[in-house]
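Reading through the structure tokens given below for one structure.
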Amino acid sequence: MTDAAPRMRNPRELAGQIHAALAEQTVQVPGTGSAGEIISGLAESLAVLLKRREILETCMTALLQAHPLAKVLTSMPGVAVRTDARILAEVGDASAFPTAAHLASYAGLTPTTRRSGTSIRGEGPPRSGNKTLKRALFLASFASLSSPESRAYYVKKRAENKRHNAALICLTRRRVDVLQAMLKHRTPYHPGTNKQPDQARRA
């Protein structure tokens, strides 16, 4: 029998629990007072940081919603506000990328050929590319598995004996085709319609 995974604590709830525990403490040992003051101060600092984070997120959300491409991106399954902001920060309107292949290469999603001397060992994921963008696209693909279209493509790749990560990378690469078309034409996501002419041949 394995132990259950620990539940991640809410920082605001944790700060409140620290204050409550210090208030209820009755046993005093040497140094208790100083330690209590330090811990209490840290808990207050945490609460202030959390409040500032909330304010910052509110401001960022407002700025993002004013961006003309924000609604285009968030219409795609798996793309939430934070992912939307990361993608826009890294690629803008994608005008710098003539094709989806250029965007995929920039994100580090184009397979590279592994060589050893004169022999070729097959293809694998590249180690270069924009890691921030790649992570954002990868997380968005994982979140999109609840949508029928993404799930069907993922299941198809798993049926081809691809492991979870490999299947997810394939899904991410396919979604880049859709994403580039959406940004290029400034059109929201519609299942099966945001495709480039050569995408069907690659699928």
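The values are calculated or read from the model by the stated rules, or taken from the named source; none is laboratory data. What you see is a predicted model, and the numbers here were worked out from it, not measured in a lab. Virtual Cβ from ideal backbone geometry, glycine too; neighbours counted across all protein chains shown.
Here are some notes:
- Across the stretch 91-104, the number of residues qualifying as buried (at least 18 other Cβ atoms within 10 Å of the Cβ) and either within 18 Å of Thr132 (Cβ to Cβ) or hydroxyl-bearing (Ser, Thr, Tyr) (or both) comes to 5.
- Any hit, the stretch 80-92, residues being part of a loop (DSSP other than H, G, I, E, B), under 16 Å from Leu139 (Cα atoms) and out of contact with any Lys or Arg (no Cβ under 8 Å at 6 or more places or on another chain): yes
- The residue that is nearest to Gly129 (Cα to Cα), counting only those in the stretch 52-90 that are modelled with pLDDT of 80 or more and of a type in the set (Lys, Arg), is Arg86.
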